[in-house]
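The values are calculated or read from the model by the stated rules, or taken from the named source; none is laboratory data. Remember, predicted model here, so these are calculated numbers, not experimental data. When we count neighbours, we look across all protein chains shown, and the Cβ atoms used for this are built from the backbone with ideal geometry, even at glycine.
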């Protein structure tokens, strides 16, 4: 627990300080709630740039400490509204922390998030463990984006936090930074409304569901997409006169590359293109003096947030500002270019590959609306205690609010929000038609915060919003409460035994508590996938060994074998491998743990 929450404080504190300092360097003098996303993006880039230097991550820890300290010193005396920001942000941060802590409270321990739902965390832990020891890994060689993994390495080297606790802390921190970022859209609302709205926009049902899987990359990418839209919104509002007004969006895009590689840019690029076209089209109707052409009233022009005719991105000043942002982005992602090229061959992008992943089929697009009465988003409507009618009634209610929200955003000329909704909708359709259920589900999750923002922002002062907030908030909490939590520690030694154990069937004797309370059976099955494996509690040891099994694995180093007639074959702390003397005899009783079977939790 201490390690997890120490990681949360470190990531949140560094992100807020570094992000706000970066905004101040761009000319922003007042506190901005885009600082959490900007800071996290910079952390991903800086840690990845330094993690492979001598010291196996120690340089990353020092770099973050130096940057955070320098940022705090730079902001001293330059930051306005710091006290008001603290009063606004503290309730949101505490609410998000409580929500993100629900899985650990329900399970009664801290450990690997999502074990039993999604075993992918195993390969992330392995890659991070090897990164922390200066070794290579399959993900590293495939061009997989490892920015978040590098932050975990920095936590490990700088604060001595274990990699399991580091990933838990990073994921919880992202769940806190997302609602804090959403505050940028609700700064003019009373504190109760803005707190509830920010929490729901930052942690809608699908984001909470991916959090429950331990899918930290998707949680962070959804944060970056939301922040990118809000950064474009601020660029034509409070930052309209700044030459570097688009640089915060560029920094967020850099963070997306180091978190999600080139697929992250598909969302951000589509949003930017649609926004520029829409903003140019509307700018043509508004005169420079704040008047209007084509029948648009001056007060409607002011409702766009342009501050009485601020420059459009396609105007001369806008083009210069955009060019600076593109330059910053190009410099930031240039070191990752070759890895981005390598990553396009990753198996997830193969339409003929294992497209279901841990899913049972296509995910309903209604889940992105936030009201879905199931702790497991993979299940179809009506599967469980709540009848299907309730699912579709909730979805219809949310869909009507979304249509009205789009109408209001159109009237208010909310070009960034409309561009974001159109972009994520088009990308979901593309993933649904030309991709796999696994990729289309991720497209829905990334779209969810923008969908929720479009519903809540125009309706926050109306009574109907309270009903939506209560229903959608309850669904998010249900997803958090259903999150499985696996083992409290991790060792790459079990994965390292796979080549040895491939020559015969294996019986793993695991601690009883690991199997009963920590999703241990599914965790072990994934670690030893590709072989024939039986898993039993340590209490089953003793006497004559079962027939048909060649290898026996214990999770300790006993002086005597668990069964008679076994010889020591190999030690890889904390595991010991014993081998049967003589012929195995009898049929093989252990099932083949296929990759897809282990992945689906079966």
Take residue 549 and tell me if it is farther than 30 Å from residue 359 by Cβ and surrounded by 15 or more Cβ atoms within 10 Å (Cβ to Cβ). yes
Within region 510-539, take every residue that is part of a helix (DSSP H, G or I) and in contact with a strand residue (DSSP E or B) (Cβ under 7 Å, 6 or more places away or on another chain) and give me the one that is farthest from residue 213 (Cα to Cα). 538
Given the criteria closer than 19 Å to residue 231 by Cβ and without any contact (Cβ under 8 Å) to a residue 40 or more places away in the chain, does residue 35 qualify? yes
Within region 366-385, restricting attention to residues that are more than 23 Å from residue 116 (Cα to Cα) and in a loop (DSSP other than H, G, I, E, B), which residue is nearest to the chain's Cα centre (by Cα)? 370
Screening 497, 459 for residues that are buried (at least 19 other Cβ atoms within 10 Å of the Cβ) and not assigned by TED's automatic domain parsing to the domain that holds residue 127 leaves only 497
Does residue 352 count as exposed (fewer than 15 other Cβ atoms within 10 Å of the Cβ), assigned by TED's automatic domain parsing to the domain that holds residue 120, closer than 21 Å to residue 429 by Cβ and modelled with pLDDT under 90? yes
Consider residue 19 against the criteria (1) in a helix (DSSP H, G or I); (2) modelled with pLDDT under 95: it satisfies all of them except one. Which criterion is unmet? (2)
Evaluate the following for residue 117: is it surrounded by fewer than 23 Cβ atoms within 10 Å (Cβ to Cβ), in a loop (DSSP other than H, G, I, E, B), at negative phi and in contact with a helix residue (DSSP H, G or I) (Cβ under 9 Å, 6 or more places away or on another chain)? no
Which is crowded, with 24+ Cβ neighbours inside 10 Å and within 19 Å of residue 334 (Cβ to Cβ), of 222, 227, 253? 253
Can you say whether residue 127 is without any contact (Cβ under 8 Å) to a residue 40 or more places away in the chain, in the same structural domain as residue 11 (by TED's automatic domain parsing) and not in a helix (DSSP H, G or I), as far as the supplied structure shows? no
Has region 63-71 got any residue that is touching a residue at least 12 places away in the same chain (Cβ under 8 Å), surrounded by fewer than 22 Cβ atoms within 10 Å (Cβ to Cβ) and assigned to a loop (DSSP other than H, G, I, E, B)? no
Mind checking whether some residue in region 432-439 is assigned by TED's automatic domain parsing to the domain that holds residue 197, closer than 19 Å to residue 269 by Cβ and within 20 Å of the chain's Cα centre (by Cα)? yes
Only one of (1) modelled with pLDDT under 90; (2) touching a helix residue (DSSP H, G or I) at 6+ places or on another chain (Cβ under 8 Å); (3) crowded, with 18+ Cβ neighbours inside 10 Å; (4) part of a helix (DSSP H, G or I) does not apply to residue 87, and that is (3)
Among the listed residues 427, 467, 477, which satisfies the condition of being within 29 Å of residue 205 (Cα to Cα), assigned by TED's automatic domain parsing to the domain that holds residue 377 and either crowded, with 19+ Cβ neighbours inside 10 Å or out of contact with any helix residue (DSSP H, G or I) (no Cβ under 9 Å at 6 or more places or on another chain) (or both)? 427
Candidates 525, 481 - the one that is at pLDDT 90 or above, under 25 Å from residue 103 (Cα atoms) and under 29 Å from the mean Cα position of the chain (by Cα): 481
Residues that are in contact with a strand residue (DSSP E or B) (Cβ under 8 Å, 6 or more places away or on another chain) and either more than 23 Å from residue 119 (Cβ to Cβ) or part of a helix (DSSP H, G or I) (or both), drawn from region 540-551: 540, 541, 545, 546, 549, 550
Go through (1) surrounded by fewer than 23 Cβ atoms within 10 Å (Cβ to Cβ); (2) outside any helix (DSSP H, G or I) and name the single condition residue 33 misses. (1)
